[in-house]
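Below: the structure, in C-alpha cells.
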Amino acid sequence: MLGKIRPVGSRVPAMDDSAAPPYAWEPGYQTVFMASGTAALSAAVAIARSRKPHIDQPEILMPAYGCPDLVAAVIAQGGTPVLVDLEPGLPWMDRDQFRQQVNANTVAAVGVGFLGISERLSALSLICHDNDLLLIEDSAQCFPPVCATQPFADCAVLSFGRGKPINLMGGGALLVKSDLAGQPLDVVGACPSSRMDTGVLWRLQRMIFNLLMMRVPFYILEKIPFLNIGETHFKPLDSVSRLDLPRPLLGAGIRAFCRRPSTQELYSQQLAFAETMGWSLLGRRAGGEGMPILRYGLLAPTEGVRNRVARALNRRGIGASTFYHRSLPHIEGLESVFAGVECPHADGFAARLVTLPCHEDVTSADVALIAQIIRDQGSDHPVA
Ligand SMILES: *Cc1c(COP(=O)(O)O)cnc(C)c1O
C-alpha cells in the first residue's frame, strides 16, 4: 500500500483566544518565549556567562550524544562545549565523567531529556550546586519538563518546532527560576524580539502542515531529495531572539498534547519479547504515565541488526528512524570542534538506536506490524 506513517510530529493546534491559565511551571519559573529551542538554550548559556563574567573561555558540559543544536547554542555565546560520555546503553551522562570534566572554567551543564526520558537532574543539581554551575534542563523532547514538578534546574528549555511534543511550527521557551540570583531576565531581555503573526497566513500554513503529515502526502514528500527530511546536520545559530508567542496558543498546544493517546504502554507490551533477543526497550523508561511521549526508543543488539530492522520497517511504511546516526564528535561539521574526543558509549548508542513513531496517527495495527518485523528480522539469524 502506498503511504507511510511519519516518524514524529503532531498536528498544529488551532489558535484559541480563550485566556490561558498559568502554565504548570509558573510561578516557580518565569516564561520567556524565544524564536526557537536553540535560541532559548543559547539565552540560558548567556545567563550562565553573565554570572561569571571574569571567565574568558567558559565551558558548558553536555552529553556526547544529542542534538547538534546544543553545540550551536553554546558556540553562539562564545562558549566551549565539553562532552560527557553516556552510561553504557542509556541516554544519561556518566556521572563520574561529568564530575571529572568540571574545572575552574565551567559555567553550566545541560541535562537533556531524551525522547521522554528525563536526565537524572536531582543528582546533577547537587554537583552543579557544589561547583556553582548553572543547571539547564533541555526539555525540547519531553513535555512536561521536570521543573514543572521538581525545581532542580535553574533554567529549562522548551521547543515548539515541528518534530517536538508540542508543534507550533516553531518557537521555544526559556523558563527561568524565579529566585535565580543575578539579573537573568535582563540578560534575556537584551535579546531582540521578533513578531509572531498568527493571522490568515499562519492558519493556511497550519492547514497545509497538518495535511502533509498524513500517510500518502508524507510518503511522497519523503521521496523529494532536496527536502532531506529527517537528516541531521550542524547548523550554526545566527541570532538569539525572543518571540511574542501568544500565551493562549501554547495553552491550546498543551491541551491537545494532554488529549493525545499514549502508545507507550502498547509498545512496551507488544515488544516485550524483543528483550529476550538482546534488544533494550528504552521507551519503558520514559516518564509518560499516561502522557504521550515523543518517540519510542529501542536499542538493537548490534548495529547490523538495527540497520536491517530500520530498513525493513521503512519498506513496510513505518517511519522508523535511526535519529542522529552518530555521536556529536562524528556529526558532519563538528569533527574539528571535537577533534580527538572519544565517547565509546555514545558511539555505541548512536549505532544501535532506532525510534518508533508515537503520535496520534499510530494505530494498534501499526504496532502489531512493527512487532512482527522485529520478531522476524530482529536477531542475527533472521527468520525471513
Ligand atoms: C530540537 C531540539 C533542540 C532545538 O530546538 P529547536 O526549536 O529546533 O531550535 C534542542 N535540544 C534538543 C534536545 C532538541 O531535540
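The values are calculated or read from the model by the stated rules, or taken from the named source; none is laboratory data. Keep in mind it's a predicted model, so treat the numbers as computed, not measured. Ideal geometry is used to build each Cβ from the backbone, glycine not excepted, and the neighbour counts take in all protein chains shown. These area figures cover heavy atoms from the full protein model, side chains too; ligands, DNA and RNA do not enter into them. Shrake-Rupley method; radii C 1.70, N 1.55, O 1.52, S 1.80 Å.
Tabulated data for the structure shown
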item: Sequence-distant aspartates and glutamates (8 or more away, or on other chains) whose Cα lies within less than 19 Å of LYS4; result: GLU222, GLU231, GLU360, ASP361, ASP366
item: Leading residue at positive end of dipole, segment 13-77 (Cβ point charges), from SER42, VAL74, ILE55; result: ILE55
item: Whole-angstrom gap from segment 151-186 to segment 207-266, using each part's C-alpha centre; result: 18
item: Cβ charges +1 (Lys, Arg) and -1 (Asp, Glu), total dipole of segment 97-228, debye; result: 740
item: For the chain, built as a Gaussian network whose Cα springs stay under 10 Å, the top-fluctuating residue of PHE273, PHE114, PHE143; result: PHE273
item: Segment 248-384 pair-distance distribution - Cα-Cα, 5 Å bins, rounded %; result: 2, 10, 18, 20, 17, 13, 10, 7, 3, 0, 0
item: With DNA, RNA and ligands ignored, accessible area of TRP25 (1.4 Å probe; Å², nearest 10); result: 10
item: Over 25 Å between alpha carbons, listed pairs LYS164/LYS235; LYS52/LYS164; LYS164/LYS223; result: LYS52/LYS164
item: For segment 1-72 versus segment 89-113, the gap between their alpha-carbon centres in whole angstrom; result: 19
item: Accessible area in square angstrom per residue, the chain, 1.4 angstrom probe; result: 43
item: Candidates SER50, SER36, SER125: whichever shows maximal mean-square fluctuation once the chain is modelled as a Gaussian network with Cα springs under 10 Å; result: SER50
item: Residue-level accessible surface for GLU275, protein heavy atoms, 1.4 Å, Å²; result: 80
item: Choice from LEU175, LEU356, LEU227 showing the highest fluctuation, given a GNM over the chain with Cα pairs closer than 10 Å; result: LEU227
item: Cβ-placed point charges (K, R +1; D, E -1), dipole of the chain about Cα centre in debye, nearest 20; result: 1280
item: Coordinate range along principal axes, alpha carbons of the chain, Å, largest first; result: 62, 51, 38
item: Nearest-10 value in Å² for the accessible area of SER18, using the 1.4 Å probe; result: 60
item: Which of TYR324, TYR219 is most accessible, then next, and so on - probe 1.4 Å; result: TYR219, TYR324
item: Local electrostatic count, VAL102, Cβ distance below 14 Å [Lys/Arg +1, Asp/Glu -1]; result: -2
item: Residue order for ASP376, ASP244, ASP366, ASP96 - accessible surface, 1.4 angstrom probe, largest first; result: ASP96, ASP244, ASP376, ASP366
